[in-house]
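Working notes, beginning with the structure itself.
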Amino acid sequence: MNGAQLLVAALVNEGVKRIFGVPGEENLDVVEALRRSSIELVLTRHEQAAAFMAATHGRLTGEAGVCLTTLGPGALNLTTGAAYAQLGAMPMVMITGQKGVLTRKQARFQIVDIVSTMTPLTKMAHRIIGTVTIPSMVREAFRVAQQERPGPVHLELPEDVAAEEAPDAPLVPPHPTTLPVAHPAALDRAAQLVRAAQYPLVMLGAAASRPRLADALSDFVRRVQIPFFNTQMGKGSVAGGSGLYMGTAALSARDYVHQAIDRADLIVSIGHDTVEKPPFLMGPGGPTVLHVGYLPATVEEVYFPHAELIGDIGPSLALLADRLEGKLPRADALLALRDRILARIAERATEARYPPTPQRIVHDVRQVMPEDGIVCLDNGMYKIWFARNYRTRVANTLLLDNALATMGAGLPSAMMAAMLHPDRRVLAVCGDGGFMMSSQELETAVRLRLNLVVLILQDNAYGMIRWKQATDGFPDFGMTFGNPDFVTYAKAYGMKGARVEGAEGLAPALEAAFAAGGMHLVAVPVDYSENTRVLVEELASVRE
Ligand SMILES: Cc1ncc(C[n+]2csc(CCOP(=O)(O)OP(=O)(O)O)c2C)c(N)n1
Ligand SMILES: [Mg+2]
C-alpha cells in the first residue's frame with residue numbers, strides 16, 4: 001500500500017462516496033487508488049465548480065464533501081469555493097497535490113505555497129509530510145470540517161508522499177458525537193426573558209438550516225406558538241404551514257417584515273450567523289435579543305445579544321419549550337400584523353406583463369415546484385426577490401448564498417442537489433452574468449445524466465450593480481453585455497433549451513421541462529423596473 005492508497009482508504013473510512021475535481025499529474029497515484037476504490041471520481045470542468053459542489057454536499061448532508069485538484073493553478077482555483085464554504089459554514093475537505101518534498105526535479109515549476117494561501121480561507125490547512133500520519137490527519141480533517149461551526153479544511157499531499165510505501169497504519173474509526181446541551185441556569189434565565197416579553201418574536205438564522213435541525217425547530221415553534229421570521233439562509237427551517245411565518249428579512253431595515261421586528265420587545269435569535277447581511281440592525285434602544293446557538297454570538301456593531309443560550313440547538317430548545325409551553329399568554333401578540341405583511345409581499349405576483357417582473361417569476365416558479373422541490377440561486381438582483389417572496393415549507397428547499405454571495409455557485413449547487421435527490425425537482429436560477437461564470441458545467445451535468453432545469457433571467461446586464469448604480473445617483477454606465485443565444489447554447493451541450501416568449505409562458509415552460517426529465521435550460525427576459533418601484537419607492541413611502 002502507498003500513501004495515496006492509504007489516503008483513499010481513510011476517505012472510504014469516513015463514508016466518502018464521491019470526489020469532485022480536476023486532477024493533475026501530481027495526483028495520479030491518488031487517481032489510481034480511487035480507480036481501485038468504491039469512491040466515484042466526478043470530473044468537473046473547473047475546480048471552482050468542484051468546490052461549490054463539495055461544499056453543497058456538506059451543506060445538505062452535514063457530511064463533508066470532498067474535492068481534489070492539482071497543485072498551483074488548480075489549487076488556486078479552489079480559493080473562492082473555500083471562502084464559500086468558510087463563510088457559509090459548509091463542511092468540506094479539499095485535497096490538493098504538490099511536487100515532491102524530498103527532491104526538486106522540476107525546480108520551482110508550478111510551485112505556489114497553497115497551504116499558506118488556504119490558511120485564512122479554511123478552518124485548518126496542512127501538508128501531509130509522511131504516510132504514517134495519513135489516518136489521523138484525515139480523521140482530524142473531517143472532525144474539524146464537520147463540527148460546529150462547520151467549514152472547509154485543506155490537506156496537501158505531495159506526490160512523493162503519495163507514492164511512498166505506507167506502513168500498515170490503522171485507520172481511525174469515526175464515532176457519533178453528542179454536543180452538550182444548554183445549562184439549566186441559562187435555560188431558566190432565557191425562559192424568564194421570554195415570559196416577560198410583551199411582543200416576542202423568533203428569528204431563524206443560517207445555522208437553523210443545518211440538516212439535523214428541521215424537526216427540532218418545527219417542534220419548538222409549534223409548542224411555544226411565537227410568530228417567527230427568518231434570515232435569507234434560515235429559510236424553510238420550520239416545516240409545514242405553521243401559520244406563524246411573518247416573512248423573510250431580505251433587507252436590513254424598512255421592509256414589511258420590519259414592521260413586526262420594529263415592534264418586538266424580544267427577539268429569540270436562533271442560529272444567527274453574522275456572515276449574513278444583517279436581517280435587522282441593533283442599536284441603542286430596540287428589542288432585547290436572546291441568542292440561541294451552538295456557539296456564542298460574535299459581537300458586531302449591529303448584533304450584540306443581551307443574553308445567550310449556548311449548546312446543541314435542538315435539545316436545548318426542547319428544554320426551553322418545556323419551560324414555556326402553555327405559559328405565554330402574549331405569544332401571539334405580533335401575529336395580527338401577519339396577514340398585512342404577507343399580502344403586501346404577494347402584491348402583483350400574477351401581473352400579466354412581458355417581460356415578466358421578478359414577483360411573477362417567483363410566483364410561477366413556486367407553482368411548478370412541489371413542496372420538497374429545491375431551488376438553488378446564483379447571485380444577482382433576483383436573490384432579494386426570491387428571499388422575500390418565495391415561500392418554503394421544507395428545510396433547505398431554497399439554497400442561496402447570503403454569506404460570500406459569490407456569482408457562479410448557482411448551477412454547481414443545483415447539480416449537487418440533483419445528485420443527492422434524483423427523485424425531487426431541482427431548479428437552478430441564475431442571472432445571465434452569474435450563469436456564464438460556470439456554464440461550462442452544463443457538460444458535467446449532461447455527462448452525469450442529471451435531472452435539472454436551469455432558469456436564466458436575462459437582462460443583458462450585471463443587473464444588481466446597475467440597479468445600485470442608479471439608486472446611488474450614478475449615470476447608467478458600463479454594466480451591460482451581450483449574450484449567446486441561450487437556446488442554441490443549450491443544444492450545443494446536448495440538452496433542451498426553451499425561451500419564454502409571453503407573459504403566460506414561464507410556468508408551462510418549466511412544467512414541460514420537469515415533466516420531460518433530463519437537462520433543460522429555460523431563458524426568460526426580466527423586467528427589473530420593479531426593483532426601484534418596490535424596493536426603493538414603495539418601501540420608502542410606507543415609512544413616511
Ligand atoms: C464572483 C462575483 N463577482 C462579482 C460580484 C458582484 N456582483 C453581485 S451581483 C452582480 C451582478 C449579477 O448579474 P447577473 O448574474 O446577470 O444577475 P442580475 O443581477 O442581472 O439579475 C455582481 C457583478 C459577485 N457577487 N460575485
Ligand atoms: Mg443579468
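The values are calculated or read from the model by the stated rules, or taken from the named source; none is laboratory data. Everything numeric in this text was worked out from a predicted model, so none of it was measured. Counting neighbours? That spans all protein chains shown, and the Cβs are built from the backbone with ideal geometry, glycine included.
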Could you list, in sequence order, all residues of the range 193-246 that are in contact with an Asp or Glu (Cβ under 9 Å, 6 or more places away or on another chain), more than 24 Å from residue 329 (Cα to Cα), outside any helix (DSSP H, G or I) and not small (Gly, Ala, Ser)? 210, 231
Some residue of the range 464-481 being of a type in the set (Val, Ile, Thr), within 28 Å of residue 366 (Cβ to Cβ) and within 26 Å of the chain's Cα centre (by Cα): yes
Selection from the range 404-453 of residues surrounded by fewer than 24 Cβ atoms within 10 Å (Cβ to Cβ), polar (S, T, N, Q), more than 16 Å from the chain's Cα centre (by Cα) and part of a loop (DSSP other than H, G, I, E, B) yields 439, 440, 451
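Would you confirm, using the coordinates I've provided, whether residue 375 is buried (at least 24 other Cβ atoms within 10 Å of the Cβ), under 17 Å from residue 235 (Cβ atoms), more than 16 Å from ligand 2 (Cβ to nearest atom) and not hydroxyl-bearing (Ser, Thr, Tyr)?
Numbers: buried (at least 24 other Cβ atoms within 10 Å of the Cβ): yes; under 17 Å from residue 235 (Cβ atoms): yes; more than 16 Å from ligand 2 (Cβ to nearest atom): yes; not hydroxyl-bearing (Ser, Thr, Tyr): yes.
Yes: the conditions hold for residue 375.
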Kindly check whether there is at least one residue in the range 425-436 that is out of contact with any Gly (no Cβ under 9 Å at 6 or more places or on another chain), away from ligand 1 (no atom under 16 Å from the Cβ) and of a type outside the set (Gly, Ala, Ser). no
Scan the range 98-133 for residues that are assigned to a helix (DSSP H, G or I), more than 30 Å from the chain's Cα centre (by Cα) and surrounded by 18 or more Cβ atoms within 10 Å (Cβ to Cβ) and jot them down. 131
Residue 449 passes all but one of (1) more than 8 Å from ligand 2 (Cβ to nearest atom); (2) of a type outside the set (Asp, Glu); (3) within 19 Å of residue 524 (Cβ to Cβ); which number fails? (3)
Please specify each residue of the range 365-383 satisfying the condition of being part of a helix (DSSP H, G or I) and within 16 Å of ligand 1 (Cβ to nearest atom). 365, 382, 383
Go through the residues of the range 536-544 one by one and say whether even a single one is surrounded by fewer than 19 Cβ atoms within 10 Å (Cβ to Cβ), touching a residue at least 60 places away in the same chain (Cβ under 8 Å) and of a type in the set (Lys, Arg). yes
For the range 463-488, how many residues are surrounded by fewer than 14 Cβ atoms within 10 Å (Cβ to Cβ) and either in a loop (DSSP other than H, G, I, E, B) or of a type outside the set (Val, Ile, Thr) (or both)? 11
Taking the conditions exactly as written (at pLDDT 95 or above and surrounded by fewer than 23 Cβ atoms within 10 Å (Cβ to Cβ)), does residue 186 satisfy them or not? yes
Selection over the range 387-442 where residues are away from ligand 2 (no atom under 16 Å from the Cβ) and over 29 Å from residue 215 (Cβ atoms) yields a count of 3
Within the bounds of the range 354-376, is there any residue that is among the basic types (Lys, Arg) and in contact with a strand residue (DSSP E or B) (Cβ under 7 Å, 6 or more places away or on another chain)? no
Just to be sure before I move on: is residue 337 modelled with pLDDT of 95 or more and either under 24 Å from residue 263 (Cα atoms) or surrounded by fewer than 16 Cβ atoms within 10 Å (Cβ to Cβ) (or both) in the structure I sent? yes
Does the range 454-462 contain any residue that is of a type outside the set (Ser, Thr, Tyr), surrounded by fewer than 18 Cβ atoms within 10 Å (Cβ to Cβ) and either away from ligand 1 (no atom under 16 Å from the Cβ) or touching a residue at least 40 places away in the same chain (Cβ under 8 Å) (or both)? no
Go through 518, 494, 473 for me and flag whichever is out of contact with any helix residue (DSSP H, G or I) (no Cβ under 9 Å at 6 or more places or on another chain), small (Gly, Ala, Ser) and either on the phi > 0 side of the Ramachandran plot or away from ligand 2 (no atom under 11 Å from the Cβ) (or both). 473
Tell me, which helices (runs of 4 or more DSSP H) wholly within the range 498-544 include 1 or more residues that are within 20 Å of residue 427 (Cα to Cα) and of a type in the set (Phe, Trp, Tyr)? 506-516
